[in-house]
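Peer 1: Before anything else, here's the structure in question.
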């Protein structure tokens, strides 16, 4: 069973990293990092803070966008090309197929977030006073390692980015040592972004199990917007709004509270004595895992009953 799920996940990852749209979003994400660097030059002694804040915000935004795109198109592409029929004709359960698709999407987005986070940390290192030649040398070394790995693994080039992205983040983390607080903010925001993306991807998988790509993307985006606004919806005053306030509170209870994954800056910096940052991240990750598991269970039930004839 794990082998079959892993095969579907790796195949989904292979198809996703070759998509031009994903490469376009990645280019925009890197462009946002450069924009953050330009905005930082306009600030007064807050360059590192600007880079960290804009970088952390872009991690979540672009990661969610990639999750929505992959979740709404991955399954439909299999149906459109009719490649799903020979896949499901093999000794493969439908729930294994759905879980494999989800894990493949999450693997793709995780690599995306890791590389983007590394870019933010590198810029943070430059803005916080790290020696430029160390940053350049580390970048050249990592690119050289990537080139060698791709040459030696010709049959598995798309998978080389997985361990390389992990190593890149670790190197960027070490380079950003001169800014420990901002570095922790970016790291915690990256983990929370992956957790939030896990829920969004599970929502997209649920809608994709019975709907078209357009409706899947639309519904998932609506859930994301409502989830980010759940705190505001839960506190709509009853007096001027009446039934609308009740409806908002119902939505806040039904839709996952994604505001949990964008906490206050003081918490991410570890300045909130009442709530340490890493226990908070662990609780948020557990919340995301439970919610995603429930959504995937519902997706497998719906997909199992779907007729492809």
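None of the figures in this text is laboratory data; all of them are computed from the coordinates on show. Just so we're clear, the structure is a prediction, and the values are computed from it rather than from any experiment. Cβ: placed from backbone, ideal geometry, glycine included. Neighbour counts: every protein chain shown.
Peer 1: Among 185, 168, which is the only one that is in contact (Cβ under 8 Å) with a residue 40 or more places away in the chain, more than 30 Å from residue 222 (Cβ to Cβ) and surrounded by 21 or more Cβ atoms within 10 Å (Cβ to Cβ)?
Peer 2: One residue alone meets the criteria, 168.
Peer 1: Report yes if some residue within region 201-217 is closer than 26 Å to residue 182 by Cβ, surrounded by 20 or more Cβ atoms within 10 Å (Cβ to Cβ) and under 18 Å from the mean Cα position of the chain (by Cα); otherwise report no.
Peer 2: Within region 201-217 (the criterion being closer than 26 Å to residue 182 by Cβ, surrounded by 20 or more Cβ atoms within 10 Å (Cβ to Cβ) and under 18 Å from the mean Cα position of the chain (by Cα)), the answer is no, since none of the residues qualifies.
Peer 1: Sticking with this one: Somewhere in region 158-179, is a residue over 30 Å from residue 132 (Cα atoms) and in contact with a helix residue (DSSP H, G or I) (Cβ under 9 Å, 6 or more places away or on another chain)?
Peer 2: Yes, region 158-179 contains at least one residue that is over 30 Å from residue 132 (Cα atoms) and in contact with a helix residue (DSSP H, G or I) (Cβ under 9 Å, 6 or more places away or on another chain).
Peer 1: Of these, 56, 27, 16, which one is within 18 Å of residue 111 (Cα to Cα) and free of Cβ contacts under 8 Å to residues at least 12 places away in the same chain?
Peer 2: Answer to the selection: 27.
Peer 1: Another question about this same structure. Could you check how many residues of region 171-182 are in contact (Cβ under 8 Å) with a residue 60 or more places away in the chain and either part of a helix (DSSP H, G or I) or touching a strand residue (DSSP E or B) at 6+ places or on another chain (Cβ under 9 Å) (or both)?
Peer 2: 2
Peer 1: Which one of the conditions (1) surrounded by fewer than 18 Cβ atoms within 10 Å (Cβ to Cβ); (2) outside any helix (DSSP H, G or I) does residue 133 fail to meet, given that it meets all the rest?
Peer 2: (2) is the only condition that residue 133 fails.
Peer 1: Further question on the same structure: Among the residues of region 19-60, count how many are in a loop (DSSP other than H, G, I, E, B), out of contact with any helix residue (DSSP H, G or I) (no Cβ under 7 Å at 6 or more places or on another chain) and surrounded by fewer than 14 Cβ atoms within 10 Å (Cβ to Cβ).
Peer 2: Summing the residues that are in a loop (DSSP other than H, G, I, E, B), out of contact with any helix residue (DSSP H, G or I) (no Cβ under 7 Å at 6 or more places or on another chain) and surrounded by fewer than 14 Cβ atoms within 10 Å (Cβ to Cβ) in region 19-60 gives 3.
Peer 1: Could you check, for region 247-257, whether at least one of its residues is in contact (Cβ under 8 Å) with a residue 12 or more places away in the chain, touching a helix residue (DSSP H, G or I) at 6+ places or on another chain (Cβ under 9 Å), within 14 Å of residue 192 (Cβ to Cβ) and surrounded by 12 or more Cβ atoms within 10 Å (Cβ to Cβ)?
Peer 2: Within region 247-257, one or more residues are in contact (Cβ under 8 Å) with a residue 12 or more places away in the chain, touching a helix residue (DSSP H, G or I) at 6+ places or on another chain (Cβ under 9 Å), within 14 Å of residue 192 (Cβ to Cβ) and surrounded by 12 or more Cβ atoms within 10 Å (Cβ to Cβ).
Peer 1: Now for a different question. Examine region 109-125 for a residue that is part of a helix (DSSP H, G or I), free of Cβ contacts under 8 Å to residues at least 60 places away in the same chain and surrounded by fewer than 14 Cβ atoms within 10 Å (Cβ to Cβ), and state whether such a residue exists.
Peer 2: No: zero hits.
Peer 1: Identify, please: which residue in region 272-305 is part of a loop (DSSP other than H, G, I, E, B) and touching a helix residue (DSSP H, G or I) at 6+ places or on another chain (Cβ under 8 Å) and is, among those, farthest from residue 191 (Cα to Cα)?
Peer 2: 272
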